[in-house]
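A short worksheet on the structure shown next.
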Amino acid sequence: MMEIWKKLQTRFDAIGERPILALFEDKARAEDFCIQTQHMRFDYSKTNIDGDTRTDLIALAKAADVASKRDAMFSGQKINETEGRAVLHTALRSRDEAPVLVEGHDVMPAIRRTLQRMAAFADHIRDSDITDIVNIGIGGSDLGPAMAVAALAPYHDGPCCHFVSNVDGAHIAETLRGLDAKTTLVIVASKTFTTIETMTNARTARAWMVDHGGDPATQFAALSTAEEKTAAFGINPDQVFGFEDWVGGRYSVWGPIGLSLMIAIGPRGFEAFLDGGNAMDRHFCAADPLENMPMMLALVGIWHNQICGYATRAVLPYDERLSLLPDYLQQLEMESNGKRVKMDGSAVDRHTGPVVWGAAGTNGQHAFYQLIHQGTRVIPCEFMVAANGHEPELAHHHHLLIANCLAQSEALMQGRSLIQARKIMADQGLTGNELERQAQHRVFPGNRPSTTLVYERLDPFTLGQIIALYEHRTFVEGVILGINSYDQWGVELGKELATSLQPVVDGTQSTEGKDSSTASLVDYLIKHRD
Ligand code: F6P
């Protein structure tokens with residue numbers, strides 16, 4: 001593998017300042033550097049990847065044995081080796097009769113039973129007087145359903161969903177204000193049912209419900225792997241939806257953690273969402289690397305991050321309803337691939353996952369695009385936009401949205417030369433030093449890479465495809481880097497220290513033993529407390 005990494009590095013060094021635009025002398029490039037699946041097209045032609053580089057990238061994936069590791073994941077092997085767990089979120093969206101075995105036991109019957117129970121509960125709630133759902137969770141128990149509920153707003157015909165994640169009392173206070181405790185269902189979503197933020201918010205919500213005439217015995221549901229803990233909290237077992245430890249938090253929207261989405265769009269809409277995820281699974285397992293969307297999205301990521309050294313990537317959906325997608329993908333990719341050692345515990349010999357960030361277009365254009373276009377760092381951009389919006393009466397808005405999305409990728413690639421900038425200044429009547437000075441500020445270096453994902457419409461099926469696409473991209477990148485994408489030990493230390501600091505902040509324990517910075521900050525905060 002080392003040879004291929006070196007070859008790719010040599011290719012990058014040789015490319016130098018080669019304009020991406022020059023690659024389009026190959027008239028077939030736009031078609032060749034693009035992949036289509038049902039209702040979607042992924043274009044990576046506006047990158048500096050040429051045919052030879054692509055061949056080497058595919059060779060890298062082969063050398064890393066992505067295909068057999070993929071098969072190991074889908075077949076229930078314990079690929080999450082540091083936690084001794086299988087990784088089977090794909091089973092949650094499996095739509096055929098084939099068994100999926102974990103330690104010789106078929107997990108599919110239980111998955112189907114839970115899905116049926118969820119559907120019956122969702123229908124019951126949708127037919128009841130419940131007007132509002134409050135999902136209390138954090139991380140994967142919040143971002144997935146919150147993102148998907150926002151994305152699929154045009155398909156909502158159930159109660160209104162709200163999401164509380166932050167332990168900051170402001171979040172739950174603002175959310176509960178104005179809700180009727182008698183017609184609100186609280187869903188406590190926590191895989192472990194120990195997460196301090198979620199349990200604190202859940203207890204606050206329960207007290208609010210009791211104080212305002214609601215009935216927690218019937219108006220609380222739980223989504224968790226820890227059924228004894230949900231029972232200890234007092235949640236009616238009929239309203240508890242369990243799942244297994246082989247569903248990672250950031251991969252859990254496909255099962256019980258997606259209950260709020262199911263209540264919002266109905267069980268049939270939720271099934272279409274699962275169908276979309278499953279369609280991407282089948283594509284990922286069957287397509288040759290060159291035609292494989294998650295594979296090529298991952299290889300573009302590896303090229304930009306590990307070879308070109310671009311440390312971040314921006315996710316830029318030109319779709320207001322996908323505003324939470326950058327946050328969702330941030331957890332998916334950074335919690336999965338932000339690792340420092342390989343599966344065997346040895347140090348990785350290159351950088352791992354990039355910083356993933358972004359915002360919905362066009363808003364970002366008026367905020368941070370300045371740096372993307374003219375800053376000194378190159379930031380690969382991942383654009384996405386639908387052919388159709390959900391507001392046919394506002395088609396002109398949508399056309400403008402599409403034009404902006406495509407214009408940005410064009411501008412990033414083309415740039416504007418000093419000669420062009422001088423001409424613009426001369427046309428405005430500037431001359432001499434002032435012309436030169438002003439022209440410099442109007443130069444766009446260009447040659448900045450981007451990919452574009454276009455789809456027909458953001459419906460449940462397409463959203464399912466998009467999420468599964470990014471999940472598998474994360475998997476492929478993790479395999480190539482040799483890391484475990486399915487644990488998250490890096491979140492533990494902060495949690496432990498927060499627990500030990502709590503009595504210090506409460507004032508029941510002294511700051512002794514704390515570093516002097518932390519001790520002084522605690523002192524200040526206690527001294528200035530009302
Ligand atoms: O602290 C990180 C994390 O464990 C995430 O991986 C997870 O999505 C989140 O916390 C919430 O965990 P839980 O669902 O167990 O409350």
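The values are calculated or read from the model by the stated rules, or taken from the named source; none is laboratory data. Small disclaimer: the values here were computed from a predicted structure and weren't measured. When we count neighbours, we look across all protein chains shown, and the Cβ atoms used for this are built from the backbone with ideal geometry, even at glycine. Heads up: the accessible areas ignore ligands, DNA and RNA and are worked out on the full protein's heavy atoms, side chains in. Shrake-Rupley method; radii C 1.70, N 1.55, O 1.52, S 1.80 Å.
A compact table of results
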quantity: Per-region count, the range 115-129, residues open to solvent by 30 Å² or more (accessible area, probe 1.4 Å) and either over 13 Å from E271 (Cα atoms) or among the small types (G, A, S) (or both); calculated: 8
quantity: Members of the range 66-98 that are in a loop (DSSP other than H, G, I, E, B) and surrounded by 21 or more Cβ atoms within 10 Å (Cβ to Cβ); calculated: G76, I79, A86, V87, L88, R93, S94
quantity: G415 over 27 Å from A150 (Cα atoms) and open to solvent by less than 80 Å² (accessible area, probe 1.4 Å); calculated: yes
quantity: Residue list for the range 494-509, restricted to those being open to solvent by 70 Å² or more (accessible area, probe 1.4 Å) and over 38 Å from the mean Cα position of the chain (by Cα); calculated: T508, Q509
quantity: From R442, R448, residue being open to solvent by less than 70 Å² (accessible area, probe 1.4 Å) and not acidic (D, E); calculated: R448
quantity: Filter result for I111 (over 21 Å from the mean Cα position of the chain (by Cα), part of a helix (DSSP H, G or I), more than 16 Å from the ligand (Cβ to nearest atom) and at negative phi); calculated: yes
quantity: Count - residues of the range 230-248 that are more than 25 Å from D180 (Cα to Cα) and surrounded by 17 or more Cβ atoms within 10 Å (Cβ to Cβ); calculated: 6
quantity: Which listed residue, of D349, D327, D344, is charged (D, E, K, R), open to solvent by 10 Å² or more (accessible area, probe 1.4 Å), assigned by TED's automatic domain parsing to the domain that holds P445 and not in a loop (DSSP other than H, G, I, E, B); calculated: D327
quantity: Exclusive hit being of a type in the set (G, A, S), in contact with a strand residue (DSSP E or B) (Cβ under 9 Å, 6 or more places away or on another chain) and on the phi > 0 side of the Ramachandran plot, set G432, G446; calculated: G446
quantity: Selected residue (only one of H171, H162, H212, H156 is open to solvent by 20 Å² or more (accessible area, probe 1.4 Å) and in contact with a Lys or Arg (Cβ under 9 Å, 6 or more places away or on another chain)); calculated: H212
quantity: Residue under evaluation T53, criteria (1) assigned by TED's automatic domain parsing to the domain that holds F383; (2) modelled with pLDDT under 95, criterion not met; calculated: (2)
quantity: Residue within the range 497-505 that is within 16 Å of the ligand (Cβ to nearest atom) and touching a residue at least 24 places away in the same chain (Cβ under 8 Å) present; calculated: yes
quantity: Test: residue in the range 188-196 that is open to solvent by 70 Å² or more (accessible area, probe 1.4 Å), among the hydroxyl-bearing types (S, T, Y) and within 24 Å of D127 (Cα to Cα); calculated: no
quantity: Selection count where residues are part of a helix (DSSP H, G or I), within 14 Å of the ligand (Cβ to nearest atom) and of a type in the set (D, E, K, R), scope the range 228-269; calculated: 2
quantity: Long-range neighbours under 6 Å by Cβ, at least six apart or interchain, first residue touching a residue at least 12 places away in the same chain (Cβ under 8 Å) and over 18 Å from I111 (Cβ atoms) within the range 75-94, second open to solvent by less than 20 Å² (accessible area, probe 1.4 Å) and not in a loop (DSSP other than H, G, I, E, B); calculated: I79/A72; I79/M73
quantity: Boolean, Y318 is touching a helix residue (DSSP H, G or I) at 6+ places or on another chain (Cβ under 8 Å), open to solvent by less than 10 Å² (accessible area, probe 1.4 Å) and within 16 Å of the ligand (Cβ to nearest atom); calculated: no
quantity: Residues of the range 70-100 classified as over 23 Å from the mean Cα position of the chain (by Cα) and of a type in the set (S, T, N, Q), total; calculated: 2
quantity: Test for H39: is it at positive phi and either surrounded by 13 or more Cβ atoms within 10 Å (Cβ to Cβ) or touching a Gly at 6+ places or on another chain (Cβ under 6 Å) (or both); calculated: yes
